[in-house]
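Structure first, then comments.
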Amino acid sequence: MKLDSLHVKSILSVLLVLISVVTLQAQLTWETLDIPMSDGENLAADVYLPSEDGDYPVILIQTPYNKNSFHLALPLGIVWDLENSPYAFVVLDWRCFFGSASACVELIDRGQDGFDAVEWIATQDWCNGKVATWGPSALGNIQYQTAQKQPPSLVCCIPEVASPWTHFEQYYPGGVALSSYIETLAGLFGDNSLILENPNYNALWQFVEQETMYPEDIEVPILLVAGWFDHNLREDFVMLDTLRNASLLGEAHKMLVGPWVHGGVGPAHVGTEEQGELFFPYAAGTNIEIERQFLDYHLFDEQNGWDDREVITYFQMGSDEWRTTDVWPPEVTEDATYYMHAGLQWVPNEPEDDNYAISYSYDPTDPSPTIGGPTLSDLLEQGPYDQVPEVESRPDMYAISTTPQL
């Protein structure tokens, strides 16, 4: 039934998009151009201009998911009000994907492709010479690869729910293959044999981890946007820490963390009010507000207080409020020790009977299902879901909790 429900949601989402597409396309106009690469190939891109006259800072979006999807709406709150947009947009298909399929080569340097795209854009008469990048997930990872090449016209980047750091625990948490994640990435980007052939931490993984962590090469400010329900959360915090400590512009990098999922499955994504079975109205759209402030500061030199903003802006879900801090964890946190008592509760004081124990039967042929969470799979829902009906009610499951006020 879970799978059927997910398919129904997906079908409804597609229908809503199809109903909207005629209206949206009537509002948006674009021109498809070929952007020349340094190896002589061309990549296909759609250019969205606020008007025929004038030059603008440009937001570059590089996608493996078909540039045509942006015909429906533009990000950063522009949607289809392109006439009043302070930015122009260029949406580029990755080499080997969709409109850029004919430019495919055996060895691809996506960072170099990003460099070439940024510098070509900067020479166009509709660009004022300033280029920023934006995008979630894979569209965020390629921003780091582009920034690593240090194109002179790149001003700043906004990678959402993305980190370039690739490491063993992503694919084998606790040494066990995260099959849904591995299979999903293989379906999106191709062969996963190298991952499957290296199920143990070895020299190959060490090499990959070193090659995908390069904060010292990043010379533009980055605003990392993360989600509490996203599988990249740990990597985002690690990336922020390394950027601030090892990059030339360490203090310029900042982070926004909201109650958001990764996106890509169902209606929830970064910035929406609905996340799984919960709603966060006080967090909805805050990503757009903060991202626009970041862009206005760096692209227009607007003195809007960005420079004085603390390093991390995060949503405290228990109290439904936004907070800021310069350190992580925040200095207000305290360490505490809890003890398990009879009745399956964690309590600060030691139990009188320290011999209390629980037991249960374990059947490896009947694993506990995954219900929501930081998933990445078309077959799984993302975000917070009630665990009682299918997980906590199982006979082989114990839920041990603190008292409500804690």
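Under the condition of being outside any helix (DSSP H, G or I) and modelled with pLDDT of 95 or more, which residue from region 248-260 is surrounded by the most Cβ atoms within 10 Å (Cβ to Cβ)? Walk me through it before giving the result.
Step one: filter region 248-260 for residues outside any helix (DSSP H, G or I), giving 248-249, 253-260.
Now restrict to residues that are modelled with pLDDT of 95 or more: 253-260.
Values: His253: 24, Lys254: 23, Met255: 22, Leu256: 26, Val257: 22, Gly258: 27, Pro259: 24, Trp260: 30.
Across region 248-260, the extreme among qualifying residues is Trp260.
Return the residue satisfying two criteria in turn: it lies in region 297-308 and is part of a helix (DSSP H, G or I) and free of Cβ contacts under 8 Å to residues at least 40 places away in the same chain, and of such residues it is nearest to Leu76 (Cα to Cα). Can you show your working first?
Start the filter on region 297-308 by keeping residues that are part of a helix (DSSP H, G or I), which leaves 297-300, 306-308.
Filter once more, so that each one left must be free of Cβ contacts under 8 Å to residues at least 40 places away in the same chain: 297, 306-308.
On the way: Tyr297: 15, Trp306: 17, Asp307: 20, Asp308: 22 Å.
Checked region 297-308; the qualifying residue nearest to Leu76 (Cα to Cα) is Tyr297.
Within region 377-393, restricting attention to residues that are under 24 Å from Gln345 (Cα atoms) and in contact (Cβ under 8 Å) with a residue 40 or more places away in the chain, which residue is most open to solvent (accessible area, probe 1.4 Å)?
First, pick out the residues of region 377-393 that are under 24 Å from Gln345 (Cα atoms): 384-393.
With in contact (Cβ under 8 Å) with a residue 40 or more places away in the chain added as a condition, the list becomes 384-386.
Working: Pro384: 23, Tyr385: 34, Asp386: 85 Å².
Here the residue is Asp386.
Confirm whether Ser85 is within 15 Å of Met37 (Cα to Cα), modelled with pLDDT of 95 or more and of a type in the set (Ser, Thr, Tyr). Full working, then the answer.
Values: within 15 Å of Met37 (Cα to Cα): no; modelled with pLDDT of 95 or more: yes; of a type in the set (Ser, Thr, Tyr): yes.
In short, no.
Check Glu289 against each of (1) assigned to a loop (DSSP other than H, G, I, E, B); (2) over 22 Å from Thr184 (Cα atoms); (3) open to solvent by 70 Å² or more (accessible area, probe 1.4 Å) and name the one condition it does not meet.
Here Glu289 clears every test but (1).
Within region 53-67, can one find any residue that is free of Cβ contacts under 8 Å to residues at least 40 places away in the same chain, open to solvent by 10 Å² or more (accessible area, probe 1.4 Å), closer than 24 Å to His269 by Cα and not in a strand (DSSP E or B)?
Step one: filter region 53-67 for residues free of Cβ contacts under 8 Å to residues at least 40 places away in the same chain, giving 53, 66-67.
If we keep only those that are open to solvent by 10 Å² or more (accessible area, probe 1.4 Å) as well, we get 53, 66-67.
Pick out the ones that are also closer than 24 Å to His269 by Cα and you get 66-67.
With the extra rule that they be not in a strand (DSSP E or B), the set shrinks to 66-67.
Yes: region 53-67 contains one or more residues that are free of Cβ contacts under 8 Å to residues at least 40 places away in the same chain, open to solvent by 10 Å² or more (accessible area, probe 1.4 Å), closer than 24 Å to His269 by Cα and not in a strand (DSSP E or B).
Does region 321-339 contain any residue that is in contact with a Phe, Trp or Tyr (Cβ under 9 Å, 6 or more places away or on another chain), without any contact (Cβ under 8 Å) to a residue 24 or more places away in the chain and over 30 Å from Ile222 (Cβ atoms)? Before you say what the answer is, go through the steps one by one.
So the first thing to find is which residues in region 321-339 are in contact with a Phe, Trp or Tyr (Cβ under 9 Å, 6 or more places away or on another chain), and the list is 321-325, 328, 330, 338-339.
Retained after the next criterion (residues that are without any contact (Cβ under 8 Å) to a residue 24 or more places away in the chain): 323-325, 330, 339.
After this cut, where a residue has to be over 30 Å from Ile222 (Cβ atoms) as well, the list is 339.
Looking for residues that are in contact with a Phe, Trp or Tyr (Cβ under 9 Å, 6 or more places away or on another chain), without any contact (Cβ under 8 Å) to a residue 24 or more places away in the chain and over 30 Å from Ile222 (Cβ atoms), one finds at least one in region 321-339, hence yes.
Looking at region 68-77, which of its residues are of a type outside the set (A, V, I, L, M) and either open to solvent by less than 10 Å² (accessible area, probe 1.4 Å) or touching a Lys or Arg at 6+ places or on another chain (Cβ under 9 Å) (or both)? Lay out the reasoning, then the answer.
Residues of region 68-77 of a type outside the set (A, V, I, L, M): 68-71, 75, 77.
The answer is Gly77, and nothing else.
Are any residues in region 36-52 in contact (Cβ under 8 Å) with a residue 60 or more places away in the chain and open to solvent by 40 Å² or more (accessible area, probe 1.4 Å), and if so, which ones? It would help to see each step written out before you state the result.
Step one: filter region 36-52 for residues in contact (Cβ under 8 Å) with a residue 60 or more places away in the chain, giving 36-39, 41-43, 45, 47, 49.
Correct list: Pro36, Ser38, Asp39, Glu41, Asn42, Leu49.
Collect the residues in region 327-376 that are open to solvent by less than 90 Å² (accessible area, probe 1.4 Å), at negative phi and under 22 Å from the mean Cα position of the chain (by Cα), keeping them in residue-number order.
Within region 327-376, Val327, Pro329, Thr370, Ile371, Pro374, Thr375, Leu376 meet the criteria.
Can Ala117 be described as open to solvent by 40 Å² or more (accessible area, probe 1.4 Å) and either in contact with a strand residue (DSSP E or B) (Cβ under 9 Å, 6 or more places away or on another chain) or free of Cβ contacts under 8 Å to residues at least 12 places away in the same chain (or both)? Don't jump to the end; show me each part of the working.
Details: open to solvent by 40 Å² or more (accessible area, probe 1.4 Å): no; either in contact with a strand residue (DSSP E or B) (Cβ under 9 Å, 6 or more places away or on another chain) or free of Cβ contacts under 8 Å to residues at least 12 places away in the same chain (or both): yes.
The answer is no for Ala117.
Could you list, in sequence order, the residues of region 26-35 that are open to solvent by 60 Å² or more (accessible area, probe 1.4 Å) and in contact with a Leu (Cβ under 9 Å, 6 or more places away or on another chain)?
Of region 26-35, the ones open to solvent by 60 Å² or more (accessible area, probe 1.4 Å) are 26-27, 29-32, 34.
Once the filter is applied, which keeps residues that are open to solvent by 60 Å² or more (accessible area, probe 1.4 Å) and in contact with a Leu (Cβ under 9 Å, 6 or more places away or on another chain), region 26-35 yields Gln27, Thr29, Trp30, Glu31, Asp34.
May I ask you to verify whether Gln145 is open to solvent by 30 Å² or more (accessible area, probe 1.4 Å) and in contact with a Pro (Cβ under 9 Å, 6 or more places away or on another chain)? Spell out how you get there, then give the answer.
Details: open to solvent by 30 Å² or more (accessible area, probe 1.4 Å): yes; in contact with a Pro (Cβ under 9 Å, 6 or more places away or on another chain): yes.
Answer is yes for this residue.
Out of curiosity, is Asp230 surrounded by fewer than 18 Cβ atoms within 10 Å (Cβ to Cβ) and closer than 30 Å to Glu273 by Cα? Show your work before the answer.
Numbers: surrounded by fewer than 18 Cβ atoms within 10 Å (Cβ to Cβ): no; closer than 30 Å to Glu273 by Cα: yes.
No.
Can you confirm whether Gly372 is under 30 Å from Gly266 (Cα atoms) and either touching a Gly at 6+ places or on another chain (Cβ under 7 Å) or polar (S, T, N, Q) (or both)?
In short, yes.
Tell me, which residue of region 87-109 that is surrounded by fewer than 15 Cβ atoms within 10 Å (Cβ to Cβ) and not acidic (Asp, Glu) is nearest to the chain's Cα centre (by Cα)? Spell out the reasoning first.
Step one: list which residues in region 87-109 are surrounded by fewer than 15 Cβ atoms within 10 Å (Cβ to Cβ), which gives 101-102, 104-108.
Cutting the leftovers down to not acidic (Asp, Glu) gives us 101-102, 104-105, 107-108.
Numbers: Ala101: 25, Ser102: 28, Cys104: 26, Val105: 27, Leu107: 26, Ile108: 23 Å.
Restricting to residues being surrounded by fewer than 15 Cβ atoms within 10 Å (Cβ to Cβ) and not acidic (Asp, Glu), the top hit is Ile108.
Quickly run through region 226-242 and pick out the residues that are under 20 Å from Tyr171 (Cα atoms) and either part of a helix (DSSP H, G or I) or out of contact with any strand residue (DSSP E or B) (no Cβ under 9 Å at 6 or more places or on another chain) (or both). Please lay out each step first, then the result.
Step one: list which residues in region 226-242 are under 20 Å from Tyr171 (Cα atoms), which gives 226-239.
Leu233, Arg234, Glu235, Asp236, Phe237, Val238, Met239 - these are the residues of region 226-242 that are under 20 Å from Tyr171 (Cα atoms) and either part of a helix (DSSP H, G or I) or out of contact with any strand residue (DSSP E or B) (no Cβ under 9 Å at 6 or more places or on another chain) (or both).
The values are calculated or read from the model by the stated rules, or taken from the named source; none is laboratory data. Note that the structure is a prediction, hence the values are computed from the model and not measured. Neighbour counts are summed over all protein chains in view; Cβ atoms, including those assigned to glycine, are modelled from backbone coordinates with ideal geometry. The area values use the complete protein model at the heavy-atom level, side chains included, leaving out ligands, DNA and RNA. Shrake-Rupley method; radii C 1.70, N 1.55, O 1.52, S 1.80 Å.
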